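K.L.:
Once you've had a glance at the structure underneath, I'll fire off some questions.
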Amino acid sequence: MTTYGEIVEPVSRTAWEDWDDITFENSYIKLDWMLKTTVPDIINTLVLLEGKYLYDCVKNQSDNVLTMINSIKEVNLNVHKHQQLNLYICVIRDYNLLQSSEIVEILKPYILVSKNVVAIQTKPLIEFQTHELINKSCLIRTICSTKTSNLNFDYPKLQQPNFISGVSAGAICLREQLDLPGTAVVCYMEHPEVYKVEEIQKLLKELKVISNDNSGPDNVFNSNLYI
């Protein structure tokens, strides 16, 4: 038998995995800040906002309480500083999940000097797994690091098999490894494109991320185009 002891490549595509053809290195873009800015010695609270809804909430602030201090356009990441408080807000949307670790590494100087880190992300309600009957259009759950934070959130704990991912997961895992307080908040929404979700608006106001009632993403649900 001529093939005895030889390595033979599979002749069928069914033996290959979907990711065998992905060449991430070919499309890799090195991430770097647009501006060379210094990170403060101490940040009272760092809020990480992940997703289009949260991104638009910050973008549509009309009272100019936030100042954008830096950004990384390749991953739609902006860092804002509150003008009156020692509060930093990082918003990110539409990025490649494979770059999550690199983004967390870039944000690491901010994560390390923050007394509190709160990571908030939105997910479709259909992804929430539970045996209970759901009759709400928005569910909010939390995951906290072992170290207790002085920020109290009156939300139920996120139960398995539900999980968090992306930059939020990386940031909270880093805080856990460093024995620092950190909280991940997951907002499951029935309609992620809705102009306002009162529960999330209330949360953002409590964290001083927004301070007016006009903050929120613009979309067709809130226009009279089809009325």
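K.L.:
Of these, Val58, Val117, Val104, which one is buried (at least 18 other Cβ atoms within 10 Å of the Cβ) and assigned to a strand (DSSP E or B)?
P.N.:
Val117
K.L.:
Something else about it: Of the residues in the stretch 128-157, how many are modelled with pLDDT of 90 or more and outside any loop (DSSP other than H, G, I, E, B)?
P.N.:
Residues meeting the conditions: 7.
K.L.:
Look through Tyr110, Tyr88 and report the one residue that is modelled with pLDDT of 95 or more and either closer than 20 Å to Cys187 by Cα or in a strand (DSSP E or B) (or both).
P.N.:
Only one candidate qualifies: Tyr88.
K.L.:
Taking Leu204 and the conditions (1) farther than 24 Å from Ile126 by Cβ; (2) buried (at least 17 other Cβ atoms within 10 Å of the Cβ); (3) at pLDDT 90 or above, which numbered condition does it fall short on, given that it satisfies the others?
P.N.:
(1)
K.L.:
So for the stretch 2-23 (the condition being surrounded by 10 or more Cβ atoms within 10 Å (Cβ to Cβ) and modelled with pLDDT of 90 or more), does at least one residue qualify?
P.N.:
Within the stretch 2-23, not a single residue is surrounded by 10 or more Cβ atoms within 10 Å (Cβ to Cβ) and modelled with pLDDT of 90 or more.
K.L.:
Out of curiosity, is Thr183 modelled with pLDDT under 95 and either within 20 Å of Leu203 (Cα to Cα) or not in a helix (DSSP H, G or I) (or both)? Write out each step before concluding.
P.N.:
Numbers: modelled with pLDDT under 95: no; either within 20 Å of Leu203 (Cα to Cα) or not in a helix (DSSP H, G or I) (or both): yes.
So Thr183 does not fit the description; no.
The values are calculated or read from the model by the stated rules, or taken from the named source; none is laboratory data. This structure is a prediction, so every number in the text was calculated from the model and none was measured. Glycine also receives a Cβ, built like all others from the backbone with ideal geometry; neighbour counts cover every protein chain displayed.
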